[in-house]
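**Student:** Input: one structure, supplied below.
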Amino acid sequence: MQHVIRVKPGSRKGPAVEEDADGLVVFVRERAVDGAANDGVIRALAAHFGVAPRGVTILRGHASRIKRVEVAE
């Protein structure tokens, strides 16, 4: 299943996944340096959906705060 998410890197609130009117918002503690925030997003979404981290793939937006991800069912 594909989702469009917004990422809040460097957040003290993270790791957390919340739903708002626009979709999912993922809060991660990692900063957006050397892909650390993307790794945090994958781990947070995997925990939220109850899948292994390898079941979450970032399809688009690797360098953006708005990403399209696919989660295995």
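The values are calculated or read from the model by the stated rules, or taken from the named source; none is laboratory data. Just so it is clear, the structure is predicted and the values come from calculations on it, not from any experiment. Cβ: placed from backbone, ideal geometry, glycine included. Neighbour counts: every protein chain shown.
**Student:** Among the numbered conditions (1) touching a strand residue (DSSP E or B) at 6+ places or on another chain (Cβ under 7 Å); (2) in a loop (DSSP other than H, G, I, E, B); (3) closer than 17 Å to A63 by Cα; (4) not charged (D, E, K, R), tell me where G14 comes up short.
**Tutor:** (3)
**Student:** Six or more apart or on different chains, Cβ under 9 Å: which pairs go from a residue in segment 50-73 that's over 16 Å from F27 (Cα atoms) to one that's among the charged types (D, E, K, R) and in a loop (DSSP other than H, G, I, E, B)? Could you list them?
**Tutor:** V51/E73; G55/E73
**Student:** Taking the condition of being under 14 Å from E70 (Cα atoms) and polar (S, T, N, Q), how many residues in segment 6-57 meet it?
**Tutor:** Going through segment 6-57 one residue at a time, the tally reaches 2.
**Student:** Moving to a separate point now. Being modelled with pLDDT of 95 or more, within 19 Å of A72 (Cβ to Cβ) and surrounded by 17 or more Cβ atoms within 10 Å (Cβ to Cβ), is that true of even one residue in segment 1-8?
**Tutor:** yes
**Student:** For segment 27-51, what are the residues that are more than 15 Å from Q2 (Cα to Cα) and touching a helix residue (DSSP H, G or I) at 6+ places or on another chain (Cβ under 6 Å)?
**Tutor:** Correct list: V28, E30, R43.
**Student:** Exactly one of these conditions fails for R6: (1) out of contact with any strand residue (DSSP E or B) (no Cβ under 8 Å at 6 or more places or on another chain); (2) of a type in the set (D, E, K, R); (3) closer than 16 Å to A63 by Cβ; (4) not in a loop (DSSP other than H, G, I, E, B). Give me its number.
**Tutor:** (1)
**Student:** Here's a follow-up. Among residues belonging to segment 17-49 that are basic (K, R) and in a loop (DSSP other than H, G, I, E, B), point out the one that is surrounded by the most Cβ atoms within 10 Å (Cβ to Cβ).
**Tutor:** Checked segment 17-49; the qualifying residue surrounded by the most Cβ atoms within 10 Å (Cβ to Cβ) is R29.
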